[in-house]
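Heads up, the thing below is written out as structure tokens.
The values are calculated or read from the model by the stated rules, or taken from the named source; none is laboratory data. Worth saying up front: this structure is predicted, and the values here are computed from it rather than measured. Methodologically, a virtual Cβ is constructed for each residue, glycine included, from the backbone with ideal geometry; neighbour enumeration extends over all protein chains shown. Note: accessible area is taken over every heavy atom of the protein model, side chains too, but ligands, DNA and RNA are not part of it. Shrake-Rupley method; radii C 1.70, N 1.55, O 1.52, S 1.80 Å.
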Amino acid sequence: MTRLEKVFNKKETKNKVLVTYTVAGDPNLGSSKKILNDLIASGADILEIGVPFSDPMSEGPVIQKAHERALKKNIEFKDILNLCRQIRIKNKNIPIVLMGYMNSFLSLKNKLAKELNQAGVDGVIVVDLPYDESKSFFNNLKKENIDLIRLISPTTDSIRLKKMLASSSGYLYYVSLKGITGAELKNFNEVKNKVKKIKSLTNLPVVVGFGIKDASTAKKMASFSDGIVVGTKIIDFIEKKSTPKISNFTKSLKKAINSYG
Amino acid sequence: MKYKNLNKYAFPDKEGRFGEFGGKYVSETLITALEELEKVYAKVKKDKSFQEEVIKDLNDFVGRPSPLYFAERWTKKLGGAKIYLKREDLNHTGAHKINNTVGQVLLAKKMGKKRVIAETGAGQHGVATATVAARHGLECIIFMGEEDIERQALNVYRMKLLGAEVCSVDSGTKTLKDAMNEAMRDWVTNVEDTHYIIGSVAGPHPYPEIVRDFNSIVGKELKIQSKKEFGKYPDIIVACVGGGSNAMGIFHPFIKETKTKLVGVEAGGSGVKSGKHAAPLSDGKVGVLHGMKTYLMQDKNGQILSTHSVSAGLDYPGVGPEHAYLRDIGRVEYQSATDQQALKSFHDLTKTEGIMPALETSHALAYVNKIAPKLPKSKTIVINLSGRGDKDMFTVAKEDGMTL
């Protein structure tokens, strides 16, 4: 069983899964590592680590600035892999998923899958790589047992969804709104119905992300999904130089999502 | 020459690719919108009444066909090949950009969209979009880099007069590429009621095809005009290339006419070797940005590099995917001209012909300035005079050490 499967395997844990997103190297590599370890200690079940990119097209202003802060520190892909390795040394079980843009992943060319595997990375989310363009990328990652996590959006129709599900693994990431990260989440029922629809078509776990900024929203979202993703709010603490607050916030999320129903 | 037979040249293919280039590298949310656009466009491409509507607007609103003008004094001065100018500068709003927006706004209406958005660098595409939005009564938002807003104050005011809202983009390098990022962010948020009018043969499929087709009117007219004017197709066609829409518009109808040499001229900035330029076809690597696979200016980690050019319209780190393909198969030759060469040609044409070209266009002129004297008088060169230079007054004055 892969690390991701273990986390979602409900026989082992009845808990809903808390996924956190931070950007590698924000505000610098050392702090980044500390923040990631704090997140694990406060209840994060999966670490999504953002690969900073010069043109983060799907990000709202908060995460854009995180990318810019990291790039100012000249973070390179090899630094990110090192960071993953260091987390992995301390923690054998926590799944690590790199999230970024296609051009960053392309920079490693055909060494990508192997490098990711060796760094202890479990999965990859590529924001601008839709299903249609992903066949060879997916197959290359598979060879090294790296999951390509699919993003599903409110505009994904069921015909397309079925095609995507045929080549998905790890978990599914439901983007709860039409928009950018950290935007205002308006239609709760629409999210609920869509997640139910996805779950009726697959056994893969579905997590919900984009727009979850507080414990009460997290709790609602977790009530019908397998877990939630929180990024912008955590990064907001980093931007405001109040990283010590991240632990308590994470703990509150973890508590909230496991007190549903 | 690497290509063998271009008779069957028919790109993009079903996946929206030109060879390995192009594609649809966008977030999942945008896929549906692109598919809808693809479907509607395929339909209107065959729809006679739609095409007639476009032609009517091109004639009556834009002022087409644009003349093919013999630059007699400049030809004499250079003493070689005959030089003709395809006068896109005489179009309504002063550049080729309007050819595309006239068509795309009709597409937007066909899809029932009430709101149009666009990115702009020099402001020409922003003005062209604001113009058609005003004509059709659509809400219009233009994204423009903070730095370009300063460089192109006149165009910003023009857009505002036309009723558009100009959004200043202060992320990244604060120029065209960041304006495009921000337009994408708006589109993904308002995808249901908004059409994104991309201004170049760039972006995800089907944009490179749509923008090319609407600009192809330039090359189609040239085919008729050149036969009439000098009894054959031109020997050489030259156009400047940023994203590449004016070049693709004039090149595309000639791709199968292999006796006509096609040359695209990129922005060489301070020189391609200096690294300070905007010439990805001369000095870039294949990557993915803004929904397409193409040549990009990037570092070894795939970070997009900041570009440099005296002309805001060419200040873009990527290039349309069809250009990338035409480069690789050797059908089009890509060259570059530096800021200084372009500025010199700007002055030359202004003084010799009484035509003030855009700084973008001046890059194509600079290349012709170099090759025309070496060619016999029997040869004909056509330059796509893609825009007029009024918008560049402040930049040129500044380069010349003057304050206006």
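Counting, for every residue in A:149-161, the Cβ atoms of other protein chains within 10 Å of its Cβ and taking the mean gives 3. Close amide-amide hydrogen proximity is noted between residue B:298 and B:285, B:305, each under 5 Å apart and 5 or more residues distant or on a separate chain (H modeled in the peptide plane; Pro and chain starts excluded). Ordered by solvent-accessible area of protein heavy atoms (1.4 Å probe), largest first, the residues A:176, A:223 come out as A:223, A:176. Within chain B, antiparallel bridges make up roughly 30 percent of the DSSP beta bridges whose residues both belong there. Under a 5 Å amide H cut-off, with hydrogens placed 1.01 Å from N, residue B:319 pairs with B:295 among residues at least 5 apart or on other chains. Rounded, prolate or oblate: which one fits the stretch A:75-145, using the alpha carbon gyration tensor with axes a ≥ b ≥ c (rounded when a/c is under 1.5, else prolate when a/b beats b/c, else oblate)? It is prolate, given that a/c is not under 1.5 and a/b is the larger ratio. Measuring r between the beta carbons of residue B:52 and residue A:28 and using R0 = 51 Å, the FRET efficiency lands at 0.25. Residue B:54 exposes around 10 Å² of accessible area when a 1.4 Å probe is run over every protein chain in place. Taking a ≥ b ≥ c as the square roots of the eigenvalues of the Cα gyration tensor, the stretch B:105-208 is classed as oblate, since a/c reaches at least 1.5 and a/b does not exceed b/c. Placing A:67, B:347 in order of accessible area, with the largest value first and a 1.4 Å probe, yields B:347, A:67.
Run the 1.4 Å probe and let me know the accessible area of residue B:111, rounded to the nearest 10 Å². Result for residue B:111: roughly 30 Å² accessible.
Sequence-distant contacts, meaning Cα pairs under 8 Å at least 6 residues apart, place the relative contact order of the stretch B:303-363 at 31 percent. With the simple spin-label model, which puts each label point 7 Å out from Cα in the Cβ direction, the residue B:45 to residue B:378 separation comes to 4.0 nm. For the stretch A:113-127, putting each phi into the Karplus relation 6.51 cos²θ - 1.76 cosθ + 1.60 with θ = phi - 60° gives couplings of 4, 5, 4, 4, 4, 5, 8, x, 7, 9, x, 9, 10, 10, 4 Hz, in residue order, rounded to whole numbers and with x for Gly and Pro. Residues with beta-carbon under 14 Å from that of residue A:127, excluding residue A:127: net charge, scoring Lys, Arg +1 and Asp, Glu -1? That works out to -3. Counting only DSSP beta bridges with both residues in the protein assembly as shown, the antiparallel share comes to about 20 percent. Which shape class applies to chain A: rounded if a/c is under 1.5, otherwise prolate when a/b exceeds b/c and oblate if not, where a ≥ b ≥ c are the square roots of the Cα gyration tensor eigenvalues? In terms of gyration-tensor shape, rounded. Taking label positions 7 Å along the Cα-Cβ direction at both residue B:270 and residue B:150, the computed distance is 1.8 nm, reported to one decimal.
For the stretch A:219-261, the equivalent ellipsoid derived from the alpha-carbon gyration tensor has semi-axes of 23, 11, 5 Å in decreasing order. Within the accessible surface of the stretch B:173-305, defined with a 1.4 Å probe on protein heavy atoms only, the carbon and sulfur portion equals 50 percent. Sorting B:333, B:165 by accessible area puts them as B:165, B:333; the probe is 1.4 Å, largest comes first, and only protein heavy atoms count. Applied to the stretch B:396-404, the Karplus parametrisation 6.51 cos²θ - 1.76 cosθ + 1.60 on θ = phi - 60° returns per-residue 3J(HN,Hα) values of 5, 4, 5, 4, 8, x, 10, 10, 9 Hz, with x for Gly and Pro. In this view, the solvent-accessible surface of residue B:175, computed with a 1.4 Å probe and all protein chains in place, comes to about 10 Å². Modelled this way, with points 7 Å down the Cα-to-C-beta line, the labels at residue B:394 and residue A:9 are 6.5 nm from one another.
Near the amide H of residue B:379, within less than 5 Å, lie the amide hydrogens of B:82, all on another chain or at least 5 residues away, with H placed in the peptide plane. In this structure, the residue pairs whose Cα-Cα separation is over 29 Å, taken from B:2/B:223; A:111/A:219; A:16/A:186, are A:111/A:219.
Here the Karplus curve 6.51 cos²θ - 1.76 cosθ + 1.60, taken at θ = phi - 60°, turns the phi angles of the stretch B:80-89 into couplings of x, 4, 6, 10, 10, 10, 8, 7, 5, 5 Hz, with x standing for Gly and Pro. For residue B:147, the shell of other residues with beta-carbons less than 12 Å away shows a net charge of -3, using +1 for Lys and Arg and -1 for Asp and Glu. The value of relative contact order for the stretch A:198-261, using C-alpha pairs under 8 Å at least six residues apart, is 37 percent. Counting Lys and Arg as +1 and Asp and Glu as -1 over every other residue whose Cβ lies under 11 Å from the Cβ of residue A:99, the net charge comes to -2. Here the gap between residue A:93 and residue A:197, fully extended at 0.36 nm per residue and compared with their Cα-Cα distance, gives a gain of 34.4 nm.
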